[in-house]
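Below: one structure, written as structure tokens.
The values are calculated or read from the model by the stated rules, or taken from the named source; none is laboratory data. Here the structure is a predicted model, which means the values were calculated and not measured. In this analysis, Cβ positions are derived from the backbone assuming ideal geometry, glycine residues included, and neighbour counts consider all displayed protein chains.
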Amino acid sequence: MAKYLFDRSMALIGLIFISPVMIFIYMLVKLEQPAFPGLFSQVRVGRGGELFRIYKFRTLDETHHRCQSAATPQEFRPTPLGKFLRWTKLNELPQLWNVLIGDMSFVGPRPDVPGYADALEGADRELLKLRPGLTGPATLKYRDEERLLAEQTDPLAYNDLVIFPDKVRLNLHYLYNYSFWMDLKILACTISNSRMLYNGERI
């Protein structure tokens, strides 16, 4: 109950007080790419395997990949503003709306695209009991995930064989050892961009 009340109340307060910042960011995004919406939405897997639509500020160079006959993941390049928004995580601010309406929580596993979380098997499917979060233990450990993947010769294989299974392990520990105080600690480390000791490892 404490988590539920915290999520809804803080999301509402955040949307009220940060709305001027969000409007300003939206205007900057539109100035950079006037032909496209300032918000980006995508279907993700939520609690119980139900699909929902997540919202972010647009950060990718749509003009670049739209002009290609066959775009690949490597062709989705961040714009100059997009790089800053992704680095500061300001592109995630619209997800406060997802928290307010109950699709997401402040702390929990990051929501995956279909084909990952909904494909979990056995005991790992217990993760679907959790609402996806803005941050979590796996998010803290892999805060530099984009850079890490860019260093790999086969980013998709590295994600599927190394990163995703490790995220499942960290998030299962969160599920089975949940406490409201742990949520507050994870949020504090996320905001301060600091590391914490979690299940015996520094993340």
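Some values worked out for this structure:
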read-out: Enumeration of residues in the stretch 157-171 that are buried (at least 18 other Cβ atoms within 10 Å of the Cβ) and in contact with a Phe, Trp or Tyr (Cβ under 8 Å, 6 or more places away or on another chain); value: Ile163, Lys167, Leu170
read-out: Filter pass, Lys185 being farther than 23 Å from Val113 by Cα, in a helix (DSSP H, G or I) and at pLDDT 95 or above; value: yes
read-out: Number of the condition not met by Pro20 [criteria: (1) surrounded by 15 or more Cβ atoms within 10 Å (Cβ to Cβ); (2) free of Cβ contacts under 8 Å to residues at least 60 places away in the same chain; (3) out of contact with any Leu (no Cβ under 9 Å at 6 or more places or on another chain); (4) part of a helix (DSSP H, G or I)]; value: (1)
read-out: Condition met for Ile163 (among the β-branched types (Val, Ile, Thr) and in contact with a Pro (Cβ under 7 Å, 6 or more places away or on another chain)); value: no
read-out: Criterion: more than 28 Å from Ile13 (Cβ to Cβ) and among the polar types (S, T, N, Q) - qualifying residue of Thr190, Thr153, Thr139; value: Thr153
read-out: Selection count where residues are in contact (Cβ under 8 Å) with a residue 40 or more places away in the chain and either surrounded by fewer than 11 Cβ atoms within 10 Å (Cβ to Cβ) or within 16 Å of Glu92 (Cβ to Cβ) (or both), scope the stretch 139-155; value: 4
read-out: Members of the stretch 183-194 found to be surrounded by 13 or more Cβ atoms within 10 Å (Cβ to Cβ) and in contact (Cβ under 8 Å) with a residue 24 or more places away in the chain, listed by number; value: Asp183, Ile186, Leu187, Cys189, Thr190
read-out: Odd one out for Arg147, checked against (1) in a helix (DSSP H, G or I); (2) closer than 30 Å to Ile13 by Cα; (3) basic (Lys, Arg); value: (2)
read-out: Subset tally (residues that are more than 12 Å from the chain's Cα centre (by Cα), assigned to a loop (DSSP other than H, G, I, E, B) and within 16 Å of Val43 (Cα to Cα)) for the stretch 97-126; value: 6
read-out: The stretch 31-66, residues that are among the charged types (D, E, K, R) and closer than 12 Å to Thr79 by Cα; value: Glu32, Arg58, Asp61, Glu62
